[in-house]
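The values are calculated or read from the model by the stated rules, or taken from the named source; none is laboratory data. Keep in mind the model is a prediction, meaning the values are calculated, not measured. Glycine gets a Cβ as well: all are built from the backbone with ideal geometry, and neighbour counts include every protein chain shown. In case anyone asks, the SASA skips ligands and DNA or RNA and just uses the protein heavy atoms, side chains included. Shrake-Rupley method; radii C 1.70, N 1.55, O 1.52, S 1.80 Å.
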Amino acid sequence: MSDSDRTVSPNRPAWYTPSPKLEALRAAMLQFVSTPDEGRDPADRGQDLKEFRHLLDLGELDFSESAAAFAATEEAERQGSASTVDWVRHETHMSGAAALSAIRVGEQMASLPESVAAVRSGEIGYAHLALMASTAAAVTESQFAPPFDEQPLLAKAREHSVSRFSHDCHHARHAADAAGFLAEHLTAVEWRSFEMNPCPGGVVLRGRLDTVGAATLRSALEPLASKAGAEDTRRRKRRMADALIELANHGLDS
């Protein structure tokens with residue numbers, strides 16, 4: 001299939017005319033993915049990844065803005081979806097959580113101007129902004145919390161990884177509205193689940209944890225899952241499984 005054949009989406013209805021900027025993006029992306037990228041120096045390839053991720057973040061910003069504008073209409077319901085989140089989830093092949101996050105970012109962009117600018121300049125990532133938007137929405141919707149101020153969290157986002165920044169957001173949410181945060185936490189705890197299903201040669205573990213519970217488990221497993229030395233060739237998934245068994249043995253011993 002040629003690039004020209006792939007410029008038209010198979011899901012594009014006959015009545016639809018894409019915006020000029022979307023067609024320009026499609027053409028540029030098709031050229032990008034069809035251009036060989038071999039023989040790059042490892043250092044250059046690493047920088048390429050950073051540049052590529054930033055471009056994707058810019059695209060995420062635009063997607064979120066469009067998703068929020070779409071959510072402000074009744075088009076999703078008119079097309080038979082239960083909600084805009086459900087429409088975005090189904091029609092754009094995203095998870096429900098990702099669809100909700102995209103819409104929330106778009107809705108909060110006006111109240112997070114400096115954070116949005118920081119994403120555009122590459123100081124922070126879109127993932128940082130998504131966490132901040134979720135925190136801003138929760139604080140804004142609380143009748144007890146003070147007005148949301150992006151500055152303290154933006155300073156932390158510039159310094160911290162996304163995983164660490166998620167903890168910063170939890171702390172900020174708790175400081176702004178401890179009662180509301182606790183209520184949300186208790187609801188999430190109620191959804192905890194864990195099961196062990198037999199399969200040939202062993203069992204399959206399946207479960208769900210709230211963010212606090214997951215962080216606790218990860219903190220317990222990480223030290224046990226570290227490599228035992230240069231000769232330790234176990235992959236990370238294997239080491240995490242071994243760490244879980246070792247943690248269980250510690251529990252039984254005590």
Margin query: Need pairs with beta-carbon distance below 8 Å; first residue over 19 Å from Leu217 (Cβ atoms) and within the range 227-254, second open to solvent by 100 Å² or more (accessible area, probe 1.4 Å); sequence gap 6+ or separate chains.
Written below: Arg234/Lys227
Next item on the list: Would you please name the residue that is surrounded by the most Cβ atoms within 10 Å (Cβ to Cβ), looking only at residues in the range 112-165 that are part of a loop (DSSP other than H, G, I, E, B) and among the small types (Gly, Ala, Ser)?
Entry: Gly125
Checklist line | Members of the range 196-254 found to be touching a strand residue (DSSP E or B) at 6+ places or on another chain (Cβ under 6 Å) and open to solvent by less than 80 Å² (accessible area, probe 1.4 Å), listed by number | finding: Asn197, Val203, Val204, Gly207
Margin query: So, in the range 20-37, exactly how many residues are within 23 Å of Met109 (Cβ to Cβ) and either of a type in the set (Gly, Ala, Ser) or in contact (Cβ under 8 Å) with a residue 40 or more places away in the chain (or both)?
Written below: 1
Next item on the list: Answer yes or no: is there a residue in the range 87-95 that is of a type in the set (Ser, Thr, Tyr) and either touching a strand residue (DSSP E or B) at 6+ places or on another chain (Cβ under 6 Å) or outside any loop (DSSP other than H, G, I, E, B) (or both).
Entry: no
Item checked: Thr17 being surrounded by fewer than 11 Cβ atoms within 10 Å (Cβ to Cβ) and among the β-branched types (Val, Ile, Thr) -> yes
Item checked: Close pairs from the range 134-148: first of a type in the set (Gly, Ala, Ser), partner assigned to a loop (DSSP other than H, G, I, E, B) and modelled with pLDDT of 75 or more, Cβ under 6 Å, at least 6 apart -> Ala136/Phe148
Next item on the list: Out of Ala102, Ala98, Ala76, report the one residue that is under 23 Å from Gly122 (Cα atoms), at pLDDT below 95 and either small (Gly, Ala, Ser) or not in a helix (DSSP H, G or I) (or both).
Entry: Ala98
Check: Taking the range 212-228, which residues are within 20 Å of Ser166 (Cβ to Cβ) and of a type in the set (S, T, N, Q)?
Finding: Thr216, Ser219
Checklist line | Tabulated pairs, the range 76-99, first touching a residue at least 24 places away in the same chain (Cβ under 8 Å), second open to solvent by 40 Å² or more (accessible area, probe 1.4 Å) and not in a loop (DSSP other than H, G, I, E, B), C-beta under 6 angstrom, 6+ apart or interchain | finding: Ala99/Val85; Ala99/Arg89
Checklist line | Cβ-Cβ under 7 Å pairs, at least 6 apart or on other chains, the range 38-59 side part of a helix (DSSP H, G or I), far side at pLDDT 95 or above | finding: His54/Gly122; Asp57/Val119; Asp57/Gly125; Asp57/Tyr126; Leu58/Arg120
Margin query: Filter the range 56-84 down to the residues that are of a type in the set (D, E, K, R) and over 20 Å from the mean Cα position of the chain (by Cα) and list them by number.
Written below: Glu74, Glu75, Glu77, Arg78
